[in-house]
Amino acid sequence: MARAHDVVCPFCFNQWSTRVAAFRCTSVDAKRCARVPDEKLGRLRGIDPPSEPRVVTRTGRLGRAFEVKPGQPVRCECGAPTRPVCPECHSNLPQRFADAPSRTMALIGTKASGKSHFIAVVVHELEHRIAPRFSGSLMALDDATRTRIDTDLCPRLWGQGLVLAPTQSARGSDVTREPLVTRLSVGSRASNLVFFDAAGEDLDQLDILEREARYITSSDGLILLVDPLQIPAVRDDLEGSIELPPLTSDVYVMLGRLAGLLREARGIPAKKPIDIPLAIAISKVDALRGLLADHHPVFDLPAHDGRFDESVARTISEHLRADAMSWIGDRLDGFLKQEFPRHAFFGLSALGESPVNGRLRNGVSPHRVEDPILWMLDRWGALPR
């Protein structure tokens, strides 16, 4: 008999047990099944409750309520078939989403740190290059994810050589940003990976937006994307040789705000470390070749021959730790060891070069974008050793 497990909704980021399931009627005949105001869906989208077909809930005492027996689909009271939705926000769930454990990686970074490019490129790399090397596969779990990848992200980056538009702040729009919902299968292990792109200015004040805060505090792992071009010491060395983005939040300040948010949401005492894997990913390393030491391991080409090489990751992490301390100061190292003992440093480049006037001169040439993802999956036991 299938066992119940916890699932995190990829839209509202609330968690529930698969002992509880919800299904929405698919009837298009309003006379057969009257529409009702959906307060939960309206609350998620920040709008008045929309008129939607009714939602049916069911529970399973021992197994999983989402499991449907062959020939016995869940039906509405009107007799029409249904489709699964989140019990908390009533968003349509991807097919078979509740079958595998959900792993949500919260991506945090300031404005212009490259979060949108990182998400787009890492999903592309996992699907086309990395997963096959592990004898696995990555697939989109819903039409919205597949459509966004095939008609927006890939054509713009790989087809036209254009950078992505900055993510719009949720403060200025009531439209719900849709996450990319994927499933990574490696051997007998399967994990749902949810990538949600929050605007950098929204994350500068993490306690303001409820949905973004829940996305971060409910995640199984954290990726802090650090733009080295926003670090004063690096900017001084590169001044005049490269186009620099405007200064935004300090890395140390953002880490402190993040730790406070997690402690408050999860009830973690001040003297207890935060037991969540944290990947400090230094982006745009292609711009740092002249600043880093000769033969720096971060510039070595990754092998990924069917396993995660922890020794290589550890070597890169220690080199980048030393670099970060020289740029930011020793206080960063002490803070991380005290607050986030399960952390590591990574260096990556999503695009491979600095765009000029919004264009990529040589196309997309990613470098080590998958490293923090593989490290996180390895921490979860989702990769073969």
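The values are calculated or read from the model by the stated rules, or taken from the named source; none is laboratory data. As the structure is a computational prediction, the values presented were derived from the model and not from experiment. Every residue, glycine as well, gets a Cβ built from its backbone with ideal geometry; the counts of neighbours run over all protein chains shown. Protein only, heavy atoms only, side chains kept; ligands, DNA and RNA dropped before computing areas. Shrake-Rupley method; radii C 1.70, N 1.55, O 1.52, S 1.80 Å.
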Response to the item:
Contour minus Cα-Cα span, Cys154 to Glu178, at 0.36 nm per residue, comes to 7.0 nm
Worksheet item: Of the beta bridges DSSP finds with both residues in the chain, what % are antiparallel, to the nearest 5?
Response: 65 percent
Item to complete: Determine, for the chain, the count of lysine pairs separated by eight or more sequence positions (or lying on different chains) whose alpha-carbon distance falls under 27 Å.
Response: 8
Worksheet item: So what is the relative contact order of the range 232-385, in percent, for Cα pairs below 8 Å that sit 6 or more residues apart?
Response: 30 percent
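Which net charge results when you count Lys and Arg as +1 and Asp and Glu as -1 among the other residues whose beta-carbon is under 14 Å from that of Cys25?
Details: positive: Arg24, Lys31, Arg32, Arg35, Arg54, Arg58, Arg75, Arg83; negative: Asp29, Asp38, Glu52, Glu77.
Local net charge: +4.
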Worksheet, complete the sentence: The set of cysteines in the chain having no other cysteine's C-beta under 4.7 Å reads Cys154
Fill in: Per residue accessible area in Å² of the chain, where ligands, DNA and RNA are left out and the probe is 1.4 Å
47 Å²
Discussion item. Report the Cα centroid-to-centroid distance between the range 74-146 and the range 214-289 in angstrom, as an integer.
Written reply: 24 Å
Practice prompt. First check a/c for the chain, with a ≥ b ≥ c the square roots of the eigenvalues of its C-alpha gyration tensor; if it is under 1.5, answer rounded, and if not, answer prolate when a/b is larger than b/c or oblate otherwise.
Written response: prolate
Discussion item. Need one word for the range 316-385: rounded, prolate or oblate. Basis is the Cα gyration tensor (sqrt eigenvalues a ≥ b ≥ c); a/c below 1.5 gives rounded, then a/b vs b/c decides.
Written reply: oblate
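Given C-alpha coordinates of the range 110-156, what is the ratio Rg to Rh with the Kirkwood estimate of Rh?
Numbers: Rg = 11.8 Å, Rh = 11.6 Å.
Value, to two decimals: 1.02.
Mind ordering 138-146, 28-36 by average Cβ neighbours within 10 Å, highest first?
So the order, starting with the most tightly packed, is 138-146, 28-36.
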Worksheet item: Tell me, what is the percent relative contact order of the range 281-363, built from C-alpha pairs under 8 Å that lie six or more residues apart?
Response: 52 percent
Worksheet entry | For the chain: relative contact order, % (alpha-carbon pairs under 8 angstrom, 6 or more apart) | 17 percent
Worksheet entry | Rounded percent of accessible protein surface that carbon and sulfur make up, the chain, 1.4 Å probe | 48 percent
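Where a ≥ b ≥ c are the square roots of the eigenvalues of the C-alpha gyration tensor, would you call the range 284-346 rounded, which needs a/c under 1.5, or, failing that, prolate if a/b is larger than b/c, or oblate?
The shape class here is oblate.
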Worksheet item: Using heavy-atom solvent-accessible surface (probe 1.4 Å) with all chains present, what is the largest-first order of Arg96, Arg314?
Response: Arg96, Arg314
